[in-house]
Each structure stands twice: as structure tokens, then as C-alpha cells.
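Dropping the structure in here first, questions after.
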Amino acid sequence: MKTYSEESIQTHLEELKGWTFNNSGIEKKFKFADFTQALGFIVQVGVMAEKRSHHPELFNVYNKVTIRLTTHDAGGVTDKDIDLAQAIEKI
Ligand SMILES: C[C@H](O)[C@H](O)[C@H]1CNC2=NC(N)=NC(=O)C2=N1
């Protein structure tokens, strides 16, 4: 699968509020009222990831969740990452 150039990624990120590009992936930090809310969000992201066979890197501390998306097989950001980020924004 084709990886996007940094320029092309930045164009996509204009419509993905809060997502930033770094080190071959895109990342966003989410903050919730408490751990239960954060966990519910993680589960929803997980269900969407499974449906797509494309899995995020997830980091959780209490009410905060950091999501990082990259396509390991391709070594960069692909359509799969942009698609999952767009789906996460609809949660
Ligand atoms: C065979 C299977 O589709 C691949 O191993 C998938 C699984 N989930 C994945 N998730 C992510 N983020 N990157 C991948 O390259 C990837 N590969």
C-alpha cells in the first residue's frame, strides 16, 4: 500500500482536528471525564479497528488516551490510517 508524503499527510490533517504527524505516524491525545469514559472510547476504537483489520497504538493514563496510527507493513501513513482517524472522529 502506498504511503503518503508528508505534504499530502498535512493536507489530510487539515480536516482531522488535533491530529499531528510525527515519526511516520499520526497522533492525537483525547481527554475524558474519567477512566470509564476513556475505556468506553478505547473499546469503540477497538471495534472499528477490528472491522478494518487495522490497529492503533493506544496509550491510556486514567482519563487520557493517546492514539497513534501508522501502517507498519508499509512503513508510514496510508489510506488505512486516514480512514481510521476519520472514523474515530465520528465517535
Ligand atoms: C495481516 C494483517 O492485516 C496485518 O498484519 C495488519 C494488522 N493490523 C495492522 N495495523 C497497523 N496499524 N498496521 C499494520 O501494518 C497492520 N497490519
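Quick one: in segment 25-54, of everything that is more than 16 Å from the ligand (Cβ to nearest atom) and aliphatic (A, V, I, L, M), which residue is surrounded by the fewest Cβ atoms within 10 Å (Cβ to Cβ)? Show your work before the answer.
Our first condition is that a residue be more than 16 Å from the ligand (Cβ to nearest atom); within segment 25-54, this holds for 29-41, 43-44.
Still in the list and also aliphatic (A, V, I, L, M): 33, 38-39, 43.
Numbers: Ala33: 8, Ala38: 19, Leu39: 14, Val43: 10.
Restricting to residues being more than 16 Å from the ligand (Cβ to nearest atom) and aliphatic (A, V, I, L, M), the top hit is Ala33.
Report whether or not Gly25 is touching a residue at least 24 places away in the same chain (Cβ under 8 Å) and on the phi < 0 side of the Ramachandran plot. Even if it seems obvious, please write down each step before you answer.
On the way: touching a residue at least 24 places away in the same chain (Cβ under 8 Å): yes; on the phi < 0 side of the Ramachandran plot: yes.
Against the criterion (touching a residue at least 24 places away in the same chain (Cβ under 8 Å) and on the phi < 0 side of the Ramachandran plot), Gly25 qualifies.
Would you tally the residues in segment 8-22 being touching a residue at least 12 places away in the same chain (Cβ under 8 Å) and part of a strand (DSSP E or B)?
Counting residues in segment 8-22 that are touching a residue at least 12 places away in the same chain (Cβ under 8 Å) and part of a strand (DSSP E or B) gives 1.
Identify, please: which residue in segment 55-81 is aliphatic (A, V, I, L, M) and closer than 18 Å to Tyr4 by Cα and is, among those, farthest from the ligand (Cβ to nearest atom)?
At the first step, the residues of segment 55-81 found to be aliphatic (A, V, I, L, M) are 58, 61, 65, 67, 69, 74, 77.
Remaining after also requiring closer than 18 Å to Tyr4 by Cα: 69, 74, 77.
Working: Leu69: 6, Ala74: 7, Val77: 10 Å.
Applying the filter and picking the extreme gives Val77.
Also: Where residues in segment 61-76 are out of contact with any Ser or Thr (no Cβ under 8 Å at 6 or more places or on another chain) and more than 17 Å from Lys90 (Cα to Cα), which of them is most open to solvent (accessible area, probe 1.4 Å)?
Asp73
The values are calculated or read from the model by the stated rules, or taken from the named source; none is laboratory data. Predicted model only: the values in this text are computed from it and were never measured. Counting neighbours? That spans all protein chains shown, and the Cβs are built from the backbone with ideal geometry, glycine included. Only protein heavy atoms, including side chains, enter the accessible area calculation; ligands, DNA and RNA are left aside. Shrake-Rupley method; radii C 1.70, N 1.55, O 1.52, S 1.80 Å.
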